[in-house]
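Here the structure comes first, spelled out in structure tokens, and everything after it is commentary.
The values are calculated or read from the model by the stated rules, or taken from the named source; none is laboratory data. Computed from a prediction, not measured in an experiment: that's the story for all the values here. Please note: Cβ atoms are built from the backbone with ideal geometry, for glycine as well, and neighbour counts cover all protein chains shown. Heavy atoms of the whole protein, side chains included, go into the accessibility calculation; ligands, DNA and RNA do not. Shrake-Rupley method; radii C 1.70, N 1.55, O 1.52, S 1.80 Å.
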Amino acid sequence: MNDTQDLFPTRIERKLGMFERLDPVVHTEGSEREDGPLSKEQVDEFEEKGFISFDNFLSEDEVEQFLQELREYEEDEDLKLSEGTVLEPGKQEIRSVFGIHQVSERFDRLTRDPRLLGMVEQLLGKGVYIHQSRINYKPGFKGKGFDWHSDFETWHSEDGMPRMRSLSCSIVLTDNGEFNGPLMLIPGSHKYFIPCVGRTPEDNYKESLKSQDIGVPDDASLRDVMVKGDIEAPKGKAGSLVMFECNTMHGSNINMSCWPRSNLFFVYNSVENTLHAPYCGNKPRPEFLANRKDWSPLKPLK
Ligand code: 6CS
Ligand code: FE
């Protein structure tokens, strides 16, 4: 990939209409597309909707081990003060911990779990690495929401990700129910790139990770994709998994319940899609947000 031309202009002064995506959703064909843990129906569903969900991806015991680590992080004052930890606006509760696979051996091993890696490579093609990982805590009563956005719009503009050949795996560590702010996605929205208006301030991430203003699409464009695809919130018990394409519009409401909604996110990017300079023109974001140091393809755990 040596194309540094900006095919997805966004963070611009004037509104630009949405346009159809320029990249395939599934980057494999023929036997490579069939050769993997995902059935033909699941690959087709990911291609059509922009996400697929699975119940019981992790066992209760595996979830409990991850939750134990989360509780330790919540007590760890040093971790709370580290740059990769984002607190809820105006509060002391943890909102997100970024670069979690660099903090925890258990989370790192999960990124190379053959069950996960097999599905990811069936969709993105062989050779993927971790672009970003995070835990979103969304604590009870205090967990704020995330405005509608396409991750790719941010990763393209602020991290220089050239094309749409990346996906997120969201693993639910606490039950995602109706009322604790489950992840909401707009089926089919991944097929359109929606440019956003508004220049990206330097160090935008210091605000955007608490409450995103820049890179939130206009209501008319959102209405357009919502009317076409509706909204789905794949609720699931702890241990369930949602895989969503980098350009699928998603967001979540505030958590008004007493139950936390803690999700683990891994972002896989193809080694054919490594980062250029940020297209918004700002300096690159910190390593805990966008991996620029190690693009070697992940090897599955034995
Ligand atoms: O800026 C980012 O990379 C993060 N922002 C959001 C709202 N989702 C993707 C990612 O975690
Ligand atoms: Fe996101």
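Which strands (runs of 3 or more DSSP E) sit wholly inside the range 202-302 and have at least 1 residues that are in contact (Cβ under 8 Å) with a residue 60 or more places away in the chain and either charged (D, E, K, R) or away from ligand 1 (no atom under 16 Å from the Cβ) (or both)?
241-245, 263-270
Would you pick out the residues in the range 161-172 that are out of contact with any Lys or Arg (no Cβ under 9 Å at 6 or more places or on another chain) and open to solvent by less than 10 Å² (accessible area, probe 1.4 Å)?
Correct list: 161, 162, 166, 167, 168, 169, 170, 171.
I'd like the residue in the range 93-106 that is of a type outside the set (Gly, Ala, Ser) and surrounded by fewer than 22 Cβ atoms within 10 Å (Cβ to Cβ) and, out of all such residues, is modelled with the lowest pLDDT.
Here the answer is 93.
How do the strands (runs of 3 or more DSSP E) wholly within the range 110-193 filter down when requiring 3 or more residues that are farther than 30 Å from residue 281 by Cβ: which remain?
Ranges flagged: 166-172.
Provide a single number: the residues in the range 135-169 that are at pLDDT 95 or above, closer than 20 Å to residue 290 by Cα and within 15 Å of ligand 2 (Cβ to nearest atom). It would help to see each step written out before you state the result.
First, pick out the residues of the range 135-169 that are at pLDDT 95 or above: 148-169.
Filter once more, so that each one left must be closer than 20 Å to residue 290 by Cα: 149-169.
Pick out the ones that are also within 15 Å of ligand 2 (Cβ to nearest atom) and you get 149-159, 161, 164, 166-169.
Number of matching residues: 17.
List the helices (runs of 4 or more DSSP H) that sit entirely inside the range 1-95 and contain at least 1 residues that are within 22 Å of residue 156 (Cα to Cα), within 21 Å of the chain's Cα centre (by Cα) and touching a residue at least 60 places away in the same chain (Cβ under 8 Å).
Details: elements: 30-34, 40-49, 60-75, 77-81.
It comes to 40-49.
So which residues in the range 182-192 are under 16 Å from the mean Cα position of the chain (by Cα) and either closer than 24 Å to residue 129 by Cα or within 16 Å of ligand 1 (Cβ to nearest atom) (or both)? Write out each step before concluding.
Taking the range 182-192 and keeping what is under 16 Å from the mean Cα position of the chain (by Cα), we get 182-187, 189-190.
Within the range 182-192, 182, 183, 184, 185, 186, 189, 190 qualify.
So residue 251 clears everything in (1) open to solvent by 10 Å² or more (accessible area, probe 1.4 Å); (2) within 14 Å of ligand 2 (Cβ to nearest atom) except one condition, right? Which one?
Going through the list (1) open to solvent by 10 Å² or more (accessible area, probe 1.4 Å); (2) within 14 Å of ligand 2 (Cβ to nearest atom), residue 251 breaks only (1).
With respect to residue 179, determine if the residue is open to solvent by 10 Å² or more (accessible area, probe 1.4 Å) and more than 16 Å from ligand 1 (Cβ to nearest atom).
yes
So which of 288, 265 is within 16 Å of ligand 2 (Cβ to nearest atom) and touching an Asp or Glu at 6+ places or on another chain (Cβ under 7 Å)?
On the way: 265 fails: touching an Asp or Glu at 6+ places or on another chain (Cβ under 7 Å).
From the options 288, 265, the qualifying one is 288.
So for the range 212-225 (the condition being open to solvent by 10 Å² or more (accessible area, probe 1.4 Å) and in contact with a Pro (Cβ under 8 Å, 6 or more places away or on another chain)), does at least one residue qualify?
Yes, because at least one residue in the range 212-225 is open to solvent by 10 Å² or more (accessible area, probe 1.4 Å) and in contact with a Pro (Cβ under 8 Å, 6 or more places away or on another chain).
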